[in-house]
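S.K.: Attaching a single structure in structure tokens format; questions to follow.
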Amino acid sequence: MAYMHDFETIVIDPRGYFAKNTYFETEPTQVFEAYPSEVLQQLKLDSYTFCAILSHDPKIDDNALEILLPSKVAYIGALGSKKTHQKRIDRLTKKGVSQDLISKIQAPIGIPIHAKSAKEIALAIMSEIIKFKNQYQ
């Protein structure tokens with residue numbers, strides 16, 4: 001769906017199984033089998049960067065957020081329920097991340113359309129990303 005809207009897509013996942021065995025209708029521009037901290041610092045993280053945190057694994061998601069939050073990226077969305085997000089806030093706060101930075105996270109990710117399927121979740125996420133892109137650029 002991101003490809004349909006002219007976004008370059010980069011997948012970062014240290015879990016080899018998911019990085020290699022996920023089916024993409026349209027292949028991502030790049031796939032990195034590494035932790036976000038090993039990749040994100042090499043990328044241009046600017047106001048034209050939109051990030052969706054989707055792994056459901058705090059070791060991976062928090063690793064990405066610690067780099068993304070102080071950056072100038074235009075959008076950071078994180079998958080998970082309100083309860084999951086509160087746990088994320090608690091973990092980040094314990095690591096010394098400020099409330100101002102934490103408030104940059106859009107969670108639950110996506111516009112609220114009561115999405116159930118993977119395609120509906122993707123639609124909700126891309127709708128929110130496009131909203132941010134059009135609102136600020």
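The values are calculated or read from the model by the stated rules, or taken from the named source; none is laboratory data. Source: prediction; values computed, not measured. Cβ coordinates were reconstructed from backbone atoms using ideal geometry, including for glycine residues, and neighbour counts include every protein chain displayed.
S.K.: So, of the residues in region 21-53 that are out of contact with any strand residue (DSSP E or B) (no Cβ under 8 Å at 6 or more places or on another chain) and either of a type in the set (Lys, Arg) or in contact (Cβ under 8 Å) with a residue 40 or more places away in the chain (or both), which turns out to be surrounded by the fewest Cβ atoms within 10 Å (Cβ to Cβ)?
M.R.: 44
S.K.: Could you say whether any residue in region 43-56 is over 21 Å from residue 124 (Cβ atoms) and in contact with a Cys (Cβ under 9 Å, 6 or more places away or on another chain)?
M.R.: Within region 43-56, one or more residues are over 21 Å from residue 124 (Cβ atoms) and in contact with a Cys (Cβ under 9 Å, 6 or more places away or on another chain).
S.K.: Let me ask you something else. Residues being loosely packed, with under 14 Cβ neighbours inside 10 Å, in contact with a helix residue (DSSP H, G or I) (Cβ under 8 Å, 6 or more places away or on another chain), among the polar types (S, T, N, Q) and under 23 Å from residue 4 (Cα atoms): count how many of those fall in region 81-124.
M.R.: Qualifying residue count for the region: 0.
S.K.: Report yes if residue 123 is touching a strand residue (DSSP E or B) at 6+ places or on another chain (Cβ under 9 Å) and among the hydrophobic types (A, V, I, L, M, F, W, C), otherwise no.
M.R.: no
S.K.: With respect to the numbered conditions (1) touching a strand residue (DSSP E or B) at 6+ places or on another chain (Cβ under 9 Å); (2) at pLDDT 95 or above, which one is the sole condition not fulfilled by residue 136?
M.R.: The single condition residue 136 does not satisfy is (2).
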